[in-house]
Structure formats: structure tokens, C-alpha cells
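What follows is a short report on a single structure.
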Amino acid sequence: MPNPKPIPNSGFNLNSINGVMNTILASFNIPDTPVEPLPPPLIMFGAKLRPGLSADSIAAEIISRQSDAGRVVGDVFADGPNVEEAMEYIRVKAIVDALLTEAKVDVVINPGISVMTVGVGNLGAPVVSQGSTTAIGIGDGIIR
Amino acid sequence: MAIIDKKKKIFGKIAAAKTLTEGLPKLKNSSSFPSINNKGNSITFLTDLIKSLVGFQALVSSVVDTLIHSLPKVERDIKQNLKIELKNIVSCGVNPQLPTWIKSSGSGIIIEVSKIDFIDILRTDPNSIGGNLIYNDITSPLTNSSDFNTFLYGVIQDDGVTYTWETILDITFNALGVAGVPNNTLTIKANQSYDNKTLTDVNNDYINSLSLFNTENIVNKIVDLIYGSISSTIGKSIKQLKKESEINNVIDKMVNNTNINPINDSAFSFTKEEIYSHELDAMNRKKGSAIIEVGKTVTSSVPIEDLTTFNQNMLSTSSIIEKKDFLTTNLNNMATKSASNVLSQMDVPTVKVNFIQQIINNLIKGIISIILTPKIILSFIINHKIVYGPDATFTDAIDFIKKNKNLTNSIMRTISEEIIRILMGVALKEIASLVAAKAIKKQKEKAINKQAQLQSLGGVPSSQIKDSLNNTI
């Protein structure tokens, strides 16, 4: 008797569990649009008003909103303090500490910023001059 | 990535998307989802997936679609597989011409009834309550039936009289054996009209003449496989029910097989745990019940009267729309009945969903059990005897599956392709809605975040911005 057709083990063939799962996993993929940039002048002035990250504030915000997700708030159990809340603080503190002490922002300024400079002419040779940009430089940064 | 990890990843994505779009996920992926394992059964996995996405009614619609719209195609494909497999047996080394001893003037092929009736169907009278749910086209006399099993039951009631099936086969039942021939045998010859035709002609025309199954047969069979509703009424023995449990175990192994090659012969022997499970299953079916776990162990059953009502409803109409309605209503009723012993009302929806899930998960077993009845076994045993000699036979259903693994595999694939096609359609449609909702939510989130950052940079106090953000989530 002839051998049966082999069952494919991958790809999108619905004869195999892997094919079924690959098809389903692929259906979750949708292209993501890039975030819109903020107006540079607003960043230039508004960033100065920022208070900076605080683990205490973030943990307090999360703990105060625990009940929204159906979790118990406060020391309601007979076995002592609510360790879940303490854990929440430890978690947030670790993340904020890492951001404050380990994170690095790499910024790239796009070329093409207008610059006005002042210097003495040097008959076609390079000129040493002093100046400043006339427009806000726009750059892209990534946090690492 | 291991199958179980991929399955968990999919359920995780659904839980995440549902949490983002609707709130917290409502189902746990532990005991609620039996398919979270390394087995390769796509159908169980998809039913779990649909259960987590939409729940009861979507599963009912999937069953109804499969059982009403897909059966004709499944039957056509299975018949094609049967013909190919029969042709393969014949082409293995015999003259394609019909052997003289099988022709109308020959002595014929002698087959013991027990060797074609592995699941004891012919012990039940078609006119009994249970028989009404097993046989089709129950006519008077039974030998006028268009269903071969019903026809054969009629032949067996008339010792020594020859009846002709669709001008293809002449069949005579002999209760008493003579000259070394055992008792209760069938003598089968090709009808005179086939004397000048080939064995392949007989095979193809015989398979074409059969009606394999209908919606009612399959639902009856599956409910019986799960709850023993019919078996307990017709008094099947524990021994017979154990045999059926063994067949189901082998089919499960074949369905769960993820290897490229078909399962090897070791799958046809059983471990101590499997044997214990067969005994337990047989005992429960003998009692007409199944054991379900909903925190506590509860006995669940679907009374035979529900199946009788369902069959009467379905036979009362030829309209597809009405049949769909009847099937939906009766499945709902049976699901409710299966949950009648559950103590907490909170568990009722879970048991009802599980009932429908079991119907889908047992579709392959139900259809193969119907195929393992005399109408199909007869044609294989005739060809087997022609090729391997008059003494050649199949010892039981397991032996038949073992010797026809390719056939069983191709039938299983035909059925699962149809079920998977329907289930995938439902699953992908629901995932698409979920993913679309998630994408809209994400776009909204980006816009809200931008607004919040603009306000923050403009000097609006962060507490005020947070309040407004919390109100928008």
C-alpha cells in the first residue's frame, strides 16, 4: 500500500497543530503606527517644570487603585500587614531606581539646523567663528 | 517552541487582549482548558480557544454548522477514501476480474456475522427504542431499507432466504453451520448483473450505494459514547463497552499523534492505567452516566428520551433551516440536562459549555464508530478474503484499524479538516474583532497620552492630569 502523505509540522498548514497555532498567532500581529512627536518648543520649556520620578508617588498611586482590579486594600487579613502592598512598593522602587541610576538616553540631532556665526574672513581658508543655532534642533532619542 | 508553550502563548495573548478591551479575563487556563498540554489534537485546542473567546453559543453554532452543512462533503470524501483503500487491497496481487467462486453461480464468501459486527449493532432490534437511534430508514419489511445495516438485520431474521442489496450483492443468512462451517454466517455472492464486471466495479458500486451517516446518527453515537444513554438502555455488556473504550483510546492516540509518521503498533496495546480507564468508562456507560468534575465529582447524564425527541424532531422535517433550529434547541436542552445534577448554579454554564465541547471533541470517534459497523467492514472482509484466502479475517475492531491504519488516518484527516475549517473560521473572526478593538484602544491611548504630555509640559499639575487619565480608562 502507498505511504500516506506526511503530516507537515510547521507553517500554516491546518493539518497539524503547529500550522493551526501559527495561523492563530499570526492573526494577532497588526502593524503598529509610530508615536507622533511633541512640539519641540513645548518640550524645551515644559521639561523644566517636571518634578522627576518618585517611587513613593508611583507606589502610592498603584496601592490606592488596587481595589479597581478587585484586589484587597489594607491590612484586612489576620496574618499581619498586607505583604502584597509592600511588594508593590519594592517592585516600583526597583524599577524607578534602575531608571534613575542606570538608564541612559541616546539622542541624535537631525542634520540641517540653521546656524548664524561671526568670524573674520580668511581668504577662502577655514574660518574660526562663534555662533548659535537660529532654530530649535529636533532630535530622536532612545532610552537604554 | 514546544506545543504547550505555543498554546500558552496564544491563551496569554487572548487574556491580554481581553483585559485591555473588556477588563479582566473571565476564565482560568488551568482546569478550564484541558487542551493545554503537549498533545497534537487541534480540535480540542480550538474548542478551548473558542470557549475562552466567546463561550457557549459560538460552540453550539460550530457544532450545528458542522453537523448540518459539512456532513455531505465528509461522507463524499470518506467514500472516496474507502474506494481508494479497497482498490489498494485488490491491486496488491489479484486478478482484477471477479473470482468465479464469488460470481452468482459460485459458492460465495462465507462470513461469520460476529466478524463484521464488532460493536454488536446487529444484536439490537431496529424497531426497539434503542434500535430507533442506531439504525436508519427503518422500513417494513426491514430488507426494503436503504440503510445497509437495517437491511442486514432484516436478512438475519430470515434464515436461509437470499436477499439482494441494490442488485450488487446477494446475501443469505444461515443460522446453522454444516460441514465445518460455523453457525450464524452470511453467504455473499456478487449479483448476476456483476458476473462480467471487475472486483473494483463491485467495490465502487457497493460503496456508492451506501448511506454512511446523518446528523441524528452522529449526535446519538456521540452522546452514547459520552454518557452511555443508548448502551445502558439496550443492555450492552461491560465486555463490549470495554472494547469500544479501547477503540476510542486508539483513535485518541491517532488524533493526538504529532509525528510525521503514522502511529506504530505499540499504540494498539494498552498500559495498566489505560485498561483501568477503559473499565471505568465501561462501568459508567453501563450505568448511563459520566463523571464530571466541577470542584466536586458529579454524575452527569443525558436520558435516552431526549435523543428520541431529537430524532423525531429531525425526521419530521426536510427543511435545512428547521433542522438547524431543532439541532440547536435539542443540543441546548441536552446541555441543560447534563448539568442537572450540579449543586451550584454557578457551575451550570461550565458544564453546559463542556457538553458542547465534548460533542465537538468526540466527532471523529463518533463518525469512525459508525464506519466500523457491518456496512463498511463487510466490503473490507470480502476483499481481504479474496486476497488472503477464505480463512482471512479481522479478529476485532482494533485489528481492523491496525490493518487499515492508512484508511483510518485518511478518514480522521477528512473529518478533522472540516471541523478545523469551521472552528478556525469562528476563532479567527473572534480574534479579528478582539485585535481590532485592541488596535483602536491603542490608538486612543496614544492620543490620550499625547494630550496628557502636552498638558504636563504646559504646566498643568500632574495630579489633575492623572485624575483625568484615570477617568478615561
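The table that follows gives values for the structure above.
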{"item": "Every pair of residues 6+ apart whose Cβ atoms lie under 9 Å, when the first sits in the stretch B:110-121 and is in contact (Cβ under 8 Å) with a residue 24 or more places away in the chain and closer than 17 Å to B:Ile238 by Cα while the second is of a type in the set (Ser, Thr, Tyr) and buried (at least 20 other Cβ atoms within 10 Å of the Cβ)", "result": "B:Asp117/B:Thr373; B:Phe118/B:Thr373; B:Ile119/B:Ser369; B:Ile119/B:Thr373; B:Ile121/B:Tyr135; B:Ile121/B:Tyr153; B:Ile121/B:Thr373"}
{"item": "Of all residues making up the stretch B:129-145, the number that are surrounded by fewer than 14 Cβ atoms within 10 Å (Cβ to Cβ) and at pLDDT 95 or above", "result": "2"}
{"item": "The one condition in (1) among the hydrophobic types (A, V, I, L, M, F, W, C); (2) within 30 Å of B:Leu67 (Cβ to Cβ); (3) more than 8 Å from every other protein chain (Cβ to nearest Cβ) that B:Ala447 fails to fulfil", "result": "(2)"}
{"item": "Matching residues, the stretch B:105-114, being surrounded by 15 or more Cβ atoms within 10 Å (Cβ to Cβ) and part of a loop (DSSP other than H, G, I, E, B)", "result": "B:Gly108"}
{"item": "Complete set of residues in the stretch A:109-144 that are touching a residue at least 24 places away in the same chain (Cβ under 8 Å), surrounded by 10 or more Cβ atoms within 10 Å (Cβ to Cβ) and in a strand (DSSP E or B)", "result": "A:Ile109, A:Gly139, A:Asp140, A:Gly141"}
{"item": "Selection within the stretch B:342-395 - without any contact (Cβ under 8 Å) to a residue 12 or more places away in the chain and charged (D, E, K, R)", "result": "B:Asp391"}
{"item": "Matching residues, the stretch B:144-158, being out of contact with any Asp or Glu (no Cβ under 7 Å at 6 or more places or on another chain) and closer than 21 Å to B:Ile381 by Cβ", "result": "B:Phe148, B:Asn149, B:Phe151, B:Leu152, B:Tyr153, B:Gly154, B:Val155, B:Ile156"}
{"item": "Checklist (1) closer than 22 Å to B:Lys115 by Cα; (2) touching a residue at least 60 places away in the same chain (Cβ under 8 Å) applied to B:Ile156, failing item", "result": "(2)"}
{"item": "For B:Ala437: the one exception among (1) within 8 Å of another protein chain (Cβ to nearest Cβ); (2) in contact with an Asp or Glu (Cβ under 9 Å, 6 or more places away or on another chain)", "result": "(1)"}
{"item": "Criterion violated by A:Ile43 - all others in (1) within 30 Å of A:Ile138 (Cβ to Cβ); (2) in a helix (DSSP H, G or I); (3) more than 9 Å from every other protein chain (Cβ to nearest Cβ) satisfied", "result": "(3)"}
{"item": "Enumeration of residues in the stretch B:230-241 that are touching an Asp or Glu at 6+ places or on another chain (Cβ under 6 Å) and either more than 13 Å from B:Ile304 (Cβ to Cβ) or among the acidic types (Asp, Glu) (or both)", "result": "B:Gln240"}
{"item": "Sole residue being among the basic types (Lys, Arg), within 30 Å of B:Thr200 (Cα to Cα) and part of a helix (DSSP H, G or I), chosen from B:Lys337, B:Lys375", "result": "B:Lys375"}
{"item": "Test: B:Ile84 is within 14 Å of chain A (Cβ to nearest Cβ), β-branched (Val, Ile, Thr) and either over 25 Å from B:Val223 (Cβ atoms) or crowded, with 17+ Cβ neighbours inside 10 Å (or both)", "result": "yes"}
{"item": "Identity of the residue in the stretch A:24-40, facing chain B (nearest Cβ under 7 Å) and out of contact with any Gly (no Cβ under 9 Å at 6 or more places or on another chain), that ends up surrounded by the most Cβ atoms within 10 Å (Cβ to Cβ)", "result": "A:Ile24"}
{"item": "Some residue of the stretch B:34-43 being surrounded by fewer than 21 Cβ atoms within 10 Å (Cβ to Cβ), assigned to a helix (DSSP H, G or I), within 9 Å of chain A (Cβ to nearest Cβ) and modelled with pLDDT of 80 or more", "result": "no"}
{"item": "Count - residues of the stretch B:282-317 that are at positive phi and surrounded by 14 or more Cβ atoms within 10 Å (Cβ to Cβ)", "result": "1"}
{"item": "Condition met for B:Ser301 (among the polar types (S, T, N, Q), at pLDDT 90 or above and under 17 Å from B:Lys365 (Cα atoms))", "result": "no"}
{"item": "All positions within the stretch B:146-191 that are of a type in the set (Ser, Thr, Tyr) and crowded, with 21+ Cβ neighbours inside 10 Å", "result": "B:Thr150, B:Tyr153"}
{"item": "Check on B:Asp117, surrounded by 14 or more Cβ atoms within 10 Å (Cβ to Cβ) and within 30 Å of B:Lys405 (Cβ to Cβ)", "result": "yes"}
{"item": "Meets criteria (crowded, with 19+ Cβ neighbours inside 10 Å, more than 8 Å from every other protein chain (Cβ to nearest Cβ) and assigned to a helix (DSSP H, G or I)) for B:Ile431", "result": "no"}
{"item": "Yes/no for A:Leu53 being modelled with pLDDT of 85 or more and either surrounded by 10 or more Cβ atoms within 10 Å (Cβ to Cβ) or closer than 24 Å to B:Gln453 by Cβ (or both)", "result": "yes"}
{"item": "Complete set of residues in the stretch B:254-306 that are touching a Gly at 6+ places or on another chain (Cβ under 6 Å) and of a type in the set (Lys, Arg)", "result": "B:Arg285"}
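One line per residue, one yes/no per condition, for (1) in a helix (DSSP H, G or I); (2) under 30 Å from A:Ile17 (Cβ atoms):
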{"residue": "B:Ile263", "(1), (2)": "no, yes"}
{"residue": "B:Asn313", "(1), (2)": "yes, no"}
{"residue": "B:Asp325", "(1), (2)": "yes, no"}
{"residue": "B:Thr328", "(1), (2)": "yes, yes"}
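The values are calculated or read from the model by the stated rules, or taken from the named source; none is laboratory data. Keep in mind that this is a model prediction, so the values were computed, not measured. Cβ coordinates were reconstructed from backbone atoms using ideal geometry, including for glycine residues, and neighbour counts include every protein chain displayed.
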